[in-house]
Amino acid sequence: GSAIAELMGDRLPAAMAAAEITDPMRPAEPHWYLASMGTHPDWQNRGLGGRVLEPVLSRCDAEGTPAFTETATEANVRFYRRAGFDVVAEAELPDDGPRLWFMYREPKEAR
């Protein structure tokens, strides 16, 4: 809505162009969408991200619900792969935007 447009400011056109690429990549079935997660560089590689992710993935497993995310770095691709995600698609965002990897995780019971 208008609150999002206000928050995006002059980046709204870029965000809308990106959404045209990213939105169709999302699974049609019910799933948990993992929007954003980050760790300050001084605190990376200490297992903090995995500990934040674990309760969500445990819930996905308990409910039999897949999870989906996208990331713009190869380091994050490796992180999410360790958590059971697979790359299902890649795309370049317009206007010299980053490459995105779209990642999907089946619940453990379904594996």
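The values are calculated or read from the model by the stated rules, or taken from the named source; none is laboratory data. Because the structure is a prediction, the values reported are computed rather than measured. For neighbour counting, all protein chains shown are included, and Cβ atoms are generated from backbone atoms with ideal geometry for every residue, glycine included. Heads up: the accessible areas ignore ligands, DNA and RNA and are worked out on the full protein's heavy atoms, side chains in. Shrake-Rupley method; radii C 1.70, N 1.55, O 1.52, S 1.80 Å.
Using a probe of 1.4 Å on the protein chains alone, the accessible area found for R51 is around 150 Å².
The solvent-accessible area of I4, taken with every protein chain present and a 1.4 Å probe, is close to 90 Å². Rounded to the nearest whole Hz, the Karplus-based 3J(HN,Hα) values (6.51 cos²θ - 1.76 cosθ + 1.60, θ = phi - 60°) of the range 60-69 follow the sequence 4, 5, 5, 8, x, 10, x, 10, 9, 7, with x at glycine and proline. Backbone N atoms of the range 69-104 closer than 11 Å to the 7 Å Cα→Cβ label point of Y33 belong to residues 69-70. Counted by Cβ distance under 13 Å from A62, the other residues give a net charge of -2, where Lys and Arg count +1 and Asp and Glu count -1.
As a fraction of the 1.4 Å probe accessible area of the chain, surface on carbon and sulfur atoms comes out at 53 percent.
What list of ³J(HN,Hα) values in whole Hz, one per residue of the range 38-55 in order, does the Karplus curve 6.51 cos²θ - 1.76 cosθ + 1.60 (θ = phi - 60°) give from phi, with Gly and Pro shown as x? Karplus-based 3J(HN,Hα) across the range 38-55 equals x, 10, 3, x, 5, 10, 6, 6, 10, x, 5, x, x, 5, 6, 6, 3, x Hz. Rounded, prolate or oblate, given the Cα gyration tensor of the range 17-89, with a/c below 1.5 counting as rounded? Oblate.
Quick one: work out the % antiparallel among DSSP beta bridges in the chain, nearest 5. So the antiparallel bridges in the chain amount to around 85 percent.
Per residue, the accessible area of the range 10-74 comes to 67 Å², computed with a 1.4 Å probe over protein heavy atoms only. When the chain is described by a simple charge dipole with +1 on each Lys and Arg Cβ and -1 on each Asp and Glu Cβ, the residue from Y104, S2, I21 located farthest towards its positive end is Y104.
Once Rg and the Kirkwood radius are both taken over the C-alpha atoms of the range 57-105, their ratio Rg/Rh works out to 1.06.
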